[in-house]
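Okay, so here's the structure we're looking at.
The values are calculated or read from the model by the stated rules, or taken from the named source; none is laboratory data. Worth saying up front: this structure is predicted, and the values here are computed from it rather than measured. Here the Cβ positions follow ideal geometry from the backbone for every residue, glycine too, while neighbour counts run over all protein chains shown.
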Amino acid sequence: MDLFETNREKIIEANAPLAYRMRPQNLNEIVGQKIIAPGSPLRRAIERDQLHSFILFGPPGTGKTSIARVIAKVTNSHFEFLPAVTSGVSDIKKVASAAADRMTYHHVRTVLFVDEIHRFNKSQQDVLLPFVEDGTLTLIGATTENPLYELNNALLSRMKIYLLEALSEEDLAQLIRRAVSDAERGLGQYAIEIKEESLDWMARACKGDARMALNILETTVNVFMDPDALTVIDIDKLQKVLARPLIKYDRSGDYHYDTISAFIKSIRGSDPDAALFWLAVMLEGGEDPRFIARRLIVHAAEDIGLAAPFALTMAVSAAQAVEHVGLPEARIPLAEATIYLATSPKSTSSKTAIDTAISAVRQSRRIKVPNHLADSSHSGARKILQHGEGYKYPPDFGGYVEQQYLPEEMLGYSFYTPGNNGNENRIKEFLARLPGKGKSKDPE
C-alpha cells in the first residue's frame, strides 16, 4: 500500500458514515452472533487461520461484512473483496489467476469475499466452482437470501452455511452506547446524552439491524446537535427523524416467503392472533394485498374445504374487495377473511380427493364415458350412438337413484372420503344414507 492509498483511506474513514466507522475492528467487538462467540468452530478457524469456504447468511445489519473485514485483518492469507453487484466473470477469472500464481510462487493462499453472492448468476457461480474445489480460492460469501435456493448445489456442497440472527434489543443498545461514547470512531467528542427510554425505542424500531440503528443515531445528532450545549436525544427527536418504526420486509426476498408461510401456518393452526400479526407485518412492509388475497383463496380451498364451505366465498369476497377499494381500506376485509379462516374447522379432503382422482386418470389406460352418461342433445345421438340410453333422471326418483357414473375400469374405486370436522359430518351422514354408497376400494 503506497502513501496515496493510505491518505485515501484516512480521508474515507474521516468522512464515512457512523455505521462504517463503528465497524468491529476485532472479533471481540462483534456482538450478538453465537457463530463467532469464543470457542465456536468458526471463531477457532479464524483465530488459527485455518479457514474453509463458507456462507454467512442473515438479515441486513447483522455483521456479515464486518466478520469478513475482521478476517481480512487477522489472516495471513491474501484477502480479496468482490461485490457481486458490479463484478462479472472476467473479474472472477482475474482474481483466480492471481490466486493461482500467488499459491505457486509464494505459497500464499487467497481468501475471496463475495458480498451479496446471491446476485451471482449460474454462469458466474460455475466459474467459481473449480477454484473453490481445488483450493485455489477460499470463498466467503455473504447473503441476505436463502443460499439453499440462490446458490448452485455443486458450489453449495463445498461450503458450510453459518446463520446470523437479527440482533437483540440488548445488543443494539450496547452498540448505540459504544457509538455515543467512542471518541475516536464514534460521537464521544460531542456532548451527547441519550435517554434510556430513547435507547429502548431505537432498539425496538430497528428490528435487529445494527446499521439502521447507527444511521438513525447519526441523523438525529446531525439534525438536533447544539455545538455549544448538551444534546439530549429523546423519543420526540427520534420520532421526528423516523416517523414510524421500519418494517424489514423484502417483497421479492426470502423473508417474503417466510412471512407468508408463517401467515398461512397460523391460519391452519387456528390462531387468529398470530395470523393477524403476520398479516400486519406484510401490510406494513408493503406486500401486494392481491398476493395475500390469492393465498387466502388457496388456503380456503386446500386446508378448510368442505368443513366450512363459506370460507372460500369469504376469501374470494376479500380478493374482490381488494380490487375495488384498495389499501388502506382493504386491510379490513383481509383481516375479516383471515379471522374467519383461522377460526374455521379444517379439512384437506377436497385436495386429497382431486389429487387421487388425477392420479387415477394418469394411470388409466383407457377412459370411456358410459353410453347412458354421454351427450344426447343431438337428435340422432340416442338412436345411432345409443347415447343417453338407459339414463335415469334423479329428480324423477325423488332426488336420487342408484346408477353407474364411473367408467367401467374405475368401478368400485373411491376418491372422496369426508372428514370429521364441521360441515363434512353432515356430508358423511348424507352419503351413508344413499343406497349403493357403501365401502369402496381406493385406487392403487
Exercise. Out of all the residues in the range 388-405, which are surrounded by 12 or more Cβ atoms within 10 Å (Cβ to Cβ), in contact (Cβ under 8 Å) with a residue 12 or more places away in the chain, out of contact with any Asp or Glu (no Cβ under 9 Å at 6 or more places or on another chain) and not charged (D, E, K, R)?
Worked result: Tyr391, Tyr400, Gln403, Gln404
Problem set entry | Within the range 92-107, tally of residues that are farther than 24 Å from Leu56 by Cα and in contact with a Lys or Arg (Cβ under 9 Å, 6 or more places away or on another chain) | 2
Exercise. Of everything in the range 106-127 that's touching a Gly at 6+ places or on another chain (Cβ under 9 Å) and assigned to a helix (DSSP H, G or I), which residue is surrounded by the most Cβ atoms within 10 Å (Cβ to Cβ)?
Worked result: Ile117
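Every residue, every condition in (1) assigned to a helix (DSSP H, G or I); (2) at pLDDT below 90; (3) in the same structural domain as Ala210 (by TED's automatic domain parsing), yes or no:
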| residue | (1), (2), (3) |
| --- | --- |
| Asp49 | no, yes, no |
| Pro59 | no, yes, no |
| Thr62 | no, yes, no |
| Ala72 | yes, yes, no |
| Asn76 | no, yes, no |
| Phe79 | no, no, no |
Exercise. Any residue at all in the range 339-357 that is closer than 20 Å to His256 by Cβ, modelled with pLDDT of 95 or more and in contact with a Leu (Cβ under 9 Å, 6 or more places away or on another chain)?
Worked result: no
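For every residue, the table says whether it meets (1) modelled with pLDDT under 85; (2) within 15 Å of Leu434 (Cβ to Cβ).
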residue: Pro370; (1), (2): no, no
residue: Ala374; (1), (2): yes, no
residue: Ser379; (1), (2): yes, no
residue: Leu385; (1), (2): yes, no
residue: Gly388; (1), (2): yes, no
residue: Tyr391; (1), (2): no, no
residue: Tyr400; (1), (2): no, yes
residue: Glu409; (1), (2): yes, no
Seminar exercise, completed: Exactly one of Arg268, Arg290, Arg294 is under 22 Å from Asn423 (Cα atoms), of a type in the set (Lys, Arg) and either within 22 Å of the chain's Cα centre (by Cα) or surrounded by fewer than 19 Cβ atoms within 10 Å (Cβ to Cβ) (or both), and that residue is Arg268
Exercise. Going by the structure shown, is Leu175 farther than 30 Å from Met202 by Cβ, at pLDDT 90 or above and crowded, with 18+ Cβ neighbours inside 10 Å?
Worked result: no
Problem set entry | Count - residues of the range 88-105 that are at pLDDT below 90 and either part of a helix (DSSP H, G or I) or in contact with a Pro (Cβ under 8 Å, 6 or more places away or on another chain) (or both) | 0
